[in-house]
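Engineer: This is the structure I have questions about; it appears just below.
Readers should treat all values here as calculations from the given coordinates under stated rules, not as data from a laboratory. The structure displayed is predicted, hence computed values, not measured ones. Because the Cβ atoms are built from the backbone with ideal geometry, glycine has one as well, and the counts that use them run over all protein chains shown.
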Amino acid sequence: MTLQEKIQSELADAMRSKDQLRLSVLRMMKAAVKNKEVDKMKPLEEREVLAVLNTLIKQRKDSVEQFRKGGREELAQKEEAEIKIIQEYLPAAASDDEIRSAIEEAIQETGAAAMKDMGKVMKATMMRLDGKTADGGRVSQLVKEKLS
């Protein structure tokens, strides 16, 4: 069962169980994937669907931060609940040890020695972490530590 099929199936389950939060999140996920398909004018591959879901999580995290700055705790909590639902559809997150290992391999592969090589290292690291959920900001932070 593909990720899109799973979302569709669970959307129907959420309707039956009248779980409004889950239903709205699943509809939003389905719409985001569909919009991306329309933009590309072809069905998305599984990794592209994962990229769309990662984007949704990143947007929600930004919203949480803004709501907290604005003193809107109830909206921040709603966004965090949405993040938890979206994360159920993503593969396991890469641990810091896995990220560091991927960075080591990427540095050896690219021959990077200084901060000017960060772009190459980031690209190679993210390729190694393909199939796992990895926060780009965290990867970037660890790459900077290693190269400086």
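Engineer: Which one, LEU3, ILE57, THR125, projects farthest toward the positive side of the charge dipole computed for the chain from Cβ point charges (K/R +1, D/E -1)?
Structural biologist: ILE57
Engineer: Report the net charge of residues surrounding GLU73, where surrounding means a beta-carbon distance below 14 angstrom and charges are Lys +1, Arg +1, Asp -1, Glu -1.
Structural biologist: My count for the surroundings of GLU73 gives 0.
Engineer: Just check the range 3-87 against the gyration tensor rule for me: Cα atoms, a ≥ b ≥ c as the square roots of the eigenvalues, rounded for a/c under 1.5, and otherwise prolate or oblate depending on whether a/b exceeds b/c.
Structural biologist: Details: a/c = 2.73, a/b = 1.38, b/c = 1.98.
Oblate is the answer for the range 3-87, as a/c is 1.5 or above yet b/c matches or exceeds a/b.
Engineer: What lysines does LYS78 reach when the alpha-carbon gap must be under 26 Å and sequence neighbours fewer than 8 apart in one chain are set aside?
Structural biologist: LYS6, LYS18, LYS30, LYS34, LYS36, LYS58, LYS61, LYS69, LYS132
Engineer: Moving to a separate point now. For the range 101-110, just list the computed ³J(HN,Hα) in residue order, Karplus coefficients 6.51, -1.76 and 1.60, θ = phi - 60°, integers in Hz, with x standing in for Gly and Pro.
Structural biologist: With coefficients 6.51, -1.76 and 1.60, one gets 4, 5, 5, 4, 4, 5, 5, 5, 5, 8 Hz.
Engineer: Rank by packing, highest mean first: peptides 35-45, 62-72, 120-130, with packing defined as the count of other Cβ atoms within 10 Å averaged across residues.
Structural biologist: Highest mean packing first, the order is 120-130, 62-72, 35-45.
Engineer: Obtain the nm distance between the two label points defined at ARG138 and LYS61 by a simple spin-label model: each point lies 7 Å from its Cα along the Cα-to-C-beta direction.
Structural biologist: 0.8
Engineer: State whether the range 44-114 is rounded, prolate or oblate according to the following rule on the C-alpha gyration tensor (a ≥ b ≥ c being the square roots of its eigenvalues): a/c under 1.5 gives rounded; otherwise a/b larger than b/c gives prolate, and the remaining case gives oblate. Walk me through the numbers before you get to the answer.
Structural biologist: On the way: a/c = 2.83, a/b = 1.81, b/c = 1.56.
Cα axes put the range 44-114 in the prolate bin.
Engineer: Let me know the shape class of the range 73-142, please: from the alpha-carbon gyration tensor, a ≥ b ≥ c as square roots of the eigenvalues, rounded when a/c is under 1.5, otherwise prolate if a/b is greater than b/c, or oblate.
Structural biologist: Prolate shape, in that a/c is at least 1.5 and a/b is the bigger ratio.
Engineer: Here's a follow-up. Can you spot the aspartates and glutamates whose alpha carbon is less than 14 Å from LYS120's alpha carbon? Ignore those fewer than 8 places along the same chain.
Structural biologist: GLU104, GLU105, GLU109
Engineer: Please list, in chain and number order, the residues 5+ apart from ALA93 or on another chain whose amide H is under 5 Å from its amide H, with Hs placed from the backbone.
Structural biologist: THR133
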